[in-house]
Amino acid sequence: MTIDDDLAEQFETYRTSRGYGNRSEALRDLIRDRLGAEELDRPEASDCLATLTYVYNHQQRELAARMTRLSHEHHDLSVSTLHVHLDHDNCLETVVLRGLAQRVRAFADAIRAETGVRHARLFLLPVRASELAHGHGDAEGSARHLHLEPMS
């Protein structure tokens, strides 16, 4: 691959600052990241695994009730929630989500738009979802469950 000297120098700075031992690993990660973003941007976007992290003021009028309502309205997306008290007024939550990327984004947008929520960040990872039946050492034999395989 041929690239101009300025771009090669910038890439080398990026590679070393991120701790990559060689160019190939850094390039593979950049390609994976870009292809994943392209997958998630498609109109018929696929399944994803996501984390939504946000800070909010729990003293904000009825915010806790609104957040709980939103979470229950989207219970099919939610896998788990971590709640951390930062001080007397502020909390941090990280929600692990799975489902169609468009629905996950819509949920994140609804949370982010609530008055009193700040510093919201959504991380999406494209996955291939499949429901499989196979044993995991239990006496019952096969059980159907969801497998999420990271893409790329």
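Subtracting the Cα-Cα distance of VAL96 and GLU62 from their residue separation scaled by 0.36 nm leaves 9.9 nm. Within the listed set LEU70, LEU124, LEU27, the residue fluctuating most in the Gaussian network model of the chain (springs between alpha-carbon atoms under 10 angstrom) is LEU27.
Calculate how steeply helix 63-73 sits against the longest principal axis of the alpha-carbon atoms of the chain, using the helix alpha-carbon long axis, and give the answer as 0 to 90 degrees to the nearest 10. Approximately 70 degrees, to the nearest ten. Helix 23-41 and the longest principal axis of the Cα set of the chain meet at an angle near 40°. Report note on the peptides 57-67, 14-24: ranked by the mean count of other C-beta atoms within 10 Å, highest first, their order is 57-67, 14-24. Restricting to DSSP H runs of at least four residues, report the calculated mean residue ellipticity at 222 nm for the chain, -39500 (n - 2.57) per run over all residues, nearest 500 deg cm²/dmol. Here the helix-only value at 222 nm equals -11500 deg cm²/dmol. Site pair HIS119 and GLU73 shows an inter-label distance of 2.6 nm when each label is modelled 7 Å from Cα along Cα→Cβ. Going through (1) 14.1; (2) 12.9; (3) 7.9, the figure that equals mean projected area of the Cα convex hull in nm² as computed for the structure here is (1).
Contour minus end-to-end for ALA8 and THR81, with contour as 0.36 nm per residue of separation and end-to-end as the Cα-Cα distance? Can you show the working numbers first?
Numbers: separation 73, 0.36 × 73 = 26.28 nm, distance 4.17 nm.
Result: 22.1 nm gained on full extension.
Protein heavy-atom accessible surface, 1.4 Å probe, per residue over the chain: 67 Å². Give the angle, between 0 and 90 degrees and rounded to the nearest 10, that separates the Cα long axis of helix 5-17 from the longest principal axis of the Cα atoms of the chain. Tilt relative to the chain: about 50 degrees.
List the relative contact order of region 23-132 as a percent without decimals, with contacts defined as Cα pairs under 8 Å and 6+ residues apart.
On the way: 165 pairs, mean separation 44.2, N = 110.
So the answer I get is 40 percent.
For the chain, the residue among LEU125, LEU30, HIS72 whose Cα projects farthest onto the positive side of the dipole built from Cβ charges is HIS72.
Grab the other residues whose beta carbon is less than 12 angstrom from that of ASP29, score K and R as +1, D and E as -1, and report the net.
Working: positive: ARG15, ARG18, ARG23, ARG28, ARG32, ARG34; negative: GLU25, ASP33.
Summing Lys/Arg as +1 and Asp/Glu as -1 gives +4.
The values are calculated or read from the model by the stated rules, or taken from the named source; none is laboratory data. Nothing here was measured: the structure is a model prediction, and the numbers come from that model. All Cβ positions, glycine included, derive from the backbone under ideal geometry; neighbour counts span all protein chains shown. Only protein heavy atoms, including side chains, enter the accessible area calculation; ligands, DNA and RNA are left aside. Shrake-Rupley method; radii C 1.70, N 1.55, O 1.52, S 1.80 Å.
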